[in-house]
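Before any comments, here is the structure.
The values are calculated or read from the model by the stated rules, or taken from the named source; none is laboratory data. Just so you know, these numbers come straight off a predicted model, no measurement behind them. Here Cβ is always computed from backbone atoms with ideal geometry, including for glycine, and neighbour counts include all displayed protein chains. Only protein heavy atoms, including side chains, enter the accessible area calculation; ligands, DNA and RNA are left aside. Shrake-Rupley method; radii C 1.70, N 1.55, O 1.52, S 1.80 Å.
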Amino acid sequence: QVQLVESGGGLVQPGGSLRLSCAASGIIVSINAMGWYRQAPGKQRELVAAISSGGSTNYADSVKGRFTISRDNAKNTVYLQMNSLKPEDTAVYYCNADAIVWVAGTLRPRNYWGQGTQVGVSA
């Protein structure tokens, strides 16, 4: 029904920047909150940043002041600008979206995940 496709991951040096993108496609009535999570090896998946359909944002304390989440509602796309990257930011980053979709003729809320994109920060 709905697919989230992430792009923009890669390997950078400490202090560098990356911009992640996540585009939602499929039969979507609307998308409410969108967010980015990350999971480092041996750790639980954690919320990095989230943004509502109206543009309200919240961030994990560890990324405040360095990461910026934004979205283009017309394109059903969410972005994560990551600056001043640190080695501890190394993880697989996952896009997440709360969407309203048609299910058997009825509007239903559904939550979706992307496949993940690897971000590595190393000298």
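Taken over region 29-38, the criterion of being crowded, with 20+ Cβ neighbours inside 10 Å and among the hydrophobic types (A, V, I, L, M, F, W, C) is satisfied by I31, M34, W36.
Condition check ((1) under 14 Å from E6 (Cβ atoms); (2) in contact with a Phe, Trp or Tyr (Cβ under 7 Å, 6 or more places away or on another chain); (3) open to solvent by less than 40 Å² (accessible area, probe 1.4 Å)) across all residues:
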site: L47; (1), (2), (3): no, yes, no
site: G54; (1), (2), (3): no, no, no
site: T57; (1), (2), (3): no, no, no
site: R66; (1), (2), (3): no, no, yes
site: S70; (1), (2), (3): no, yes, no
site: G116; (1), (2), (3): yes, yes, yes
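Only residues that are open to solvent by 70 Å² or more (accessible area, probe 1.4 Å) and of a type in the set (A, V, I, L, M, F, W, C) were counted across region 2-28, and they come to 3. The set of residues in region 25-41 being modelled with pLDDT under 95 and either under 14 Å from L80 (Cβ atoms) or not polar (S, T, N, Q) (or both) consists of G26, I27, I28, V29, I31, P41. Scanning region 41-88 for residues that are in contact with a Ser or Thr (Cβ under 6 Å, 6 or more places away or on another chain) and aromatic (F, W, Y) yields one hit, Y79.
Looking at region 1-99, what strands (runs of 3 or more DSSP E) fall wholly within it and have at least 1 residues that are under 28 Å from A123 (Cβ atoms) and free of Cβ contacts under 8 Å to residues at least 40 places away in the same chain? Break it down stepwise before answering.
On the way: elements: 2-7, 10-12, 18-26, 30-39, 46-51, 57-59, 67-72, 77-82.
The strands (runs of 3 or more DSSP E) meeting that bar are 46-51, 57-59, 67-72.
This table checks each residue for (1) within 19 Å of S21 (Cα to Cα); (2) among the aliphatic types (A, V, I, L, M); (3) in contact with a Cys (Cβ under 9 Å, 6 or more places away or on another chain).
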site	(1), (2), (3)
K43	no, no, no
T57	yes, no, no
A60	yes, yes, no
L85	yes, yes, no
T90	yes, no, no
D98	yes, no, no
W102	no, no, no
R108	no, no, no
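Based on what the data block shows, is N83 modelled with pLDDT of 95 or more, farther than 14 Å from L4 by Cα, surrounded by 14 or more Cβ atoms within 10 Å (Cβ to Cβ) and among the polar types (S, T, N, Q)? So N83 passes the test.
Here is a yes/no grid of residues against (1) within 19 Å of W113 (Cβ to Cβ); (2) in contact with a helix residue (DSSP H, G or I) (Cβ under 9 Å, 6 or more places away or on another chain); (3) basic (K, R):
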residue	(1), (2), (3)
Q1	yes, no, no
S53	yes, yes, no
T68	no, no, no
N73	no, no, no
Q81	no, no, no
P87	no, no, no
C95	yes, no, no
D98	yes, no, no
